[in-house]
1. Do you know which residues across segment 503-524 are in contact (Cβ under 8 Å) with a residue 12 or more places away in the chain, in a helix (DSSP H, G or I), closer than 16 Å to Ser461 by Cα and not β-branched (Val, Ile, Thr)?
2. So if I check each of Asn372, Asn378, Asn345, which one is on the phi < 0 side of the Ramachandran plot, assigned by TED's automatic domain parsing to the domain that holds Pro430 and more than 30 Å from the chain's Cα centre (by Cα)?
3. Looking only at segment 271-296, count how many residues are within 24 Å of Leu231 (Cα to Cα) and basic (Lys, Arg).
4. So, in segment 437-453, of the ones that are out of contact with any Ser or Thr (no Cβ under 8 Å at 6 or more places or on another chain) and crowded, with 19+ Cβ neighbours inside 10 Å, which residue ends up nearest to Leu373 (Cα to Cα)?
5. Could you tell me whether any residue of segment 508-522 is under 23 Å from Ala405 (Cα atoms), modelled with pLDDT of 95 or more and crowded, with 18+ Cβ neighbours inside 10 Å?
6. Need pairs with beta-carbon distance below 6 Å; first residue assigned by TED's automatic domain parsing to the domain that holds Tyr401 and without any contact (Cβ under 8 Å) to a residue 60 or more places away in the chain and within segment 476-492, second of a type in the set (Phe, Trp, Tyr) and surrounded by fewer than 19 Cβ atoms within 10 Å (Cβ to Cβ); sequence gap 6+ or separate chains.
Amino acid sequence: MPDAQRYGADLLVDTLNNNDIDLVFGIPGAKIDRLFERLEHPLAGQTSPRLVVVRHEQNAIFMAQAFARITGKPGAVIATSGPGVGNLATGLMTASAEGDPILAIGGQVPRKDLYRLTHQSTPSTEIFKPITNYSAEIQDPNNISEIVSNAIVAAKGGPKPGAAFVSMPQDVDDAPIDTQAIPAVHAPKMGAASLTDIDWLADQIKAAKLPVLLVGQRGSDDETTHALHELLEQTTLPVVETFQGAGVLSRELEKASFFGRIGLFRNQVGDRLLADSDLVITIGYDPIEYEPRNWNAEKNLRIVALDTAAAQIDNNFAPERQLIGNIADTMHALQSRIIGYELPNASLDTLASYKQELIEADEPNYTPAAPNLNHPLNIIKSLQAHVTDDMTVATDIGSHYIWMARHFKSYVPRHFLISNGMQTLGVGLPWAMAAAMVRPNAKAVSVSGDGGFYFSAQELSTAVELGLNTVSLVWNDNANYDMVKFQEEKKYEGQSAGVKFAPIDLVKFSESMGAKGLRVESPDQLDAVLDEAFATEGPVVVDIPVDYSHNYELAELVESEG
C-alpha cells in the first residue's frame, strides 16, 4: 500500500513534534483548516500535539503564555486569517514584553491573493514584526520546517525569550510535500560571565555595608532559583523581588533574606531598602517590570547587573558593570568567592526594622466601609491559608493585583503568575486554566476584579468542558474599573471618569456556564466559602464583595501612574 500523501500541515506538525511542543491552543478557520484536521485527526502512525479549542484567540495566547512561563517550553497557538490573526496582537505583545516563549501560527490567504484586496488578506507579518522576536511568512512549502524551526529558536531567545509569528498561506497549508521535518535545533547555551568581572563583584560585595539583590523575571527560572538558594544558604544577603520574580525565595530563606516586592508605586519596604543600599545587584531584572526611574529616582545607586541580555541604559539605570551570561553559572562562580562575608551589625539592625514593617503591613489597619465588604488583606489571608506550594495562583490586573503582588506569599518560582510588563487585563482565568492543564494534580487559582474577569470569562465554559480544577476569586467592587478609578480620584480632586460598567450576577453567570458559583455574603463566611470552593471538583467562581475605599493609600507617596 503506497504511503499516504503528506501536505504542508503534516510537515508543520512534524516540526512541532520534533521540538517537543505537545499542546496547542487555537480557533480554526478556512485558511488554516488542514492544519486543524491533522491536529485533531492524525492518521495511523502519526502523532500530533493535543489541541485545545478556545472561545477567543486572545485567550489562546494567554493560555499559551502561562504554559510557556510554567514549563519553559514554547507555548503554541494557531489562528485563522484576518481577524483571527488580529486577535493575537495583545497576547503576543504581552508575551514578548514579559519574556515568555510563544510560537503563533496564523492562517493567510493563498499566495496569489496576498497583494489583492481579498477577503481576510492582512499584512500580518508586518503587524507583528515590532512586537515579536521573529515574524515571517512561508512562501515555499519546502521551507515550512525551516521557518518554523527558526521561529521556535527565536521564541526561546538566547538573551530574552518572547513571541514568534509564522504566517502560513492557505495553499502552503494544502500543498503536497515530500520534505522531512528538521530535527530539534537547540539554542547555544551560554556559560558564566567573565571571571574577571565575577572576581571584581565578589570584592565589591565584601567591601559593601548593605548589598541588596533585586531579582526579576529572568532570574526566576528553576536553574537560576536553585543557584540563588545555594548562594543564600551560604551567605545571607537581603533580596527584593520584582512582581514577576515572585517565589524565588523558599520558606526556609524567607526570614533572613526576603524583604518584599516592588513594582508600580515607589512606597514599599523594598524601595526604601534599595535606596539605603550601597550596592544593588540586579539578577535577571528587566526595566519593563518596574522602571528604574522609580526605584533609582535619585540616580545615586551603585548598580551591577547579572543577566542574559545587555541592559538598556537610561538616566536611572547605568550599571557599573554587566555580567552577561548564564545567570546560574555566574552565581555558582560568585558563591565560592564571597564565603565568609557577613552583613555588619548596623545593617542587620536596619533589616530587622524593615522586616517588622513587612510583617505589620500584612495586617488590616481600617474597618471596611460596609458590613458586607471584605478587607483586601483578609481576602489574601484566607486565600493564603487555602493554597499549598504546589498550587498555581494567577492574578489578573486591577486594584486587587497591587494588593496581591505586595502581600501574597509564594515560595516556589512561577507558581504566582503576574503580568507586570504590560499589565494586561484578562489574563487571570486563562493563565489558571493552563496551569490546571500542566499541573493537573493541584488546584489552579485565578484572582480577578469584576472588570478583568469578564475580559476572558467566556473561557469558563472551556474550563467546564475540560473538567479543569480551577478556583476563580472575583473581587467585586460593584462594577468599577477601580485601578483607574482611585488613581483618577487622586489626580483630579476626587473625580473619576469612564470607570463604571454594567453589573452582571457572577453566580448566575457561572452557573449558566456549567461552573459552580458561590458568593461571600458577609466577611465571617469568607473562610467557609473558600473551604467549599477548594473542596469542589471542576471550575468554581467565588464572588467576594471587596472594600476599596482606602485604595488611594496604595499610591500615597507618588504621583499616579497609568
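The values are calculated or read from the model by the stated rules, or taken from the named source; none is laboratory data. On a predicted model such as this, the values are computed, not experimentally measured, just so you know. Don't worry about glycine lacking a Cβ; one is built from the backbone with ideal geometry, like all the others, and counts go over all protein chains shown.
1. Filtering segment 503-524 down to residues in contact (Cβ under 8 Å) with a residue 12 or more places away in the chain leaves 503-504, 506-507, 509-510, 513-523.
Next, only the ones that are in a helix (DSSP H, G or I) stay: 506-507, 509-510, 523.
Checking the rest, the ones that are also closer than 16 Å to Ser461 by Cα come to 506-507, 509-510.
Answer for segment 503-524, where residues must be in contact (Cβ under 8 Å) with a residue 12 or more places away in the chain, in a helix (DSSP H, G or I), closer than 16 Å to Ser461 by Cα and not β-branched (Val, Ile, Thr): Leu506, Phe509, Ser510.
2. After applying the criteria, what remains is Asn372.
3. Adding up the residues that qualify gives 1.
4. Going through segment 437-453, the residues out of contact with any Ser or Thr (no Cβ under 8 Å at 6 or more places or on another chain) turn out to be 437, 440-441, 450-452.
Still in the list and also crowded, with 19+ Cβ neighbours inside 10 Å: 437, 450-452.
On the way: Met437: 33, Asp450: 15, Gly451: 17, Gly452: 19 Å.
Looking at the filtered set, the residue picked out is Asp450.
5. Looking only at segment 508-522, we keep the residues that are under 23 Å from Ala405 (Cα atoms), and these are 520.
Filter again for modelled with pLDDT of 95 or more, leaving 520.
Now drop any that are not crowded, with 18+ Cβ neighbours inside 10 Å, which leaves 520.
So far as segment 508-522 goes, yes, one or more of its residues are under 23 Å from Ala405 (Cα atoms), modelled with pLDDT of 95 or more and crowded, with 18+ Cβ neighbours inside 10 Å.
6. Correct list of pairs: Ala479/Phe501.
A quick yes/no check of all residues on (1) in contact (Cβ under 8 Å) with a residue 12 or more places away in the chain; (2) over 24 Å from Gln268 (Cα atoms):
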{"position": "Ala352", "(1), (2)": "no, no"}
{"position": "Pro368", "(1), (2)": "yes, no"}
{"position": "Asp390", "(1), (2)": "yes, yes"}
{"position": "Met404", "(1), (2)": "yes, no"}
{"position": "Val412", "(1), (2)": "yes, no"}
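Residues checked against (1) among the hydrophobic types (A, V, I, L, M, F, W, C); (2) assigned to a loop (DSSP other than H, G, I, E, B):
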| residue | (1), (2) |
| --- | --- |
| Ala369 | yes, yes |
| Lys381 | no, no |
| Ala394 | yes, no |
| Ala435 | yes, no |
| Ser448 | no, no |
| Gly451 | no, no |
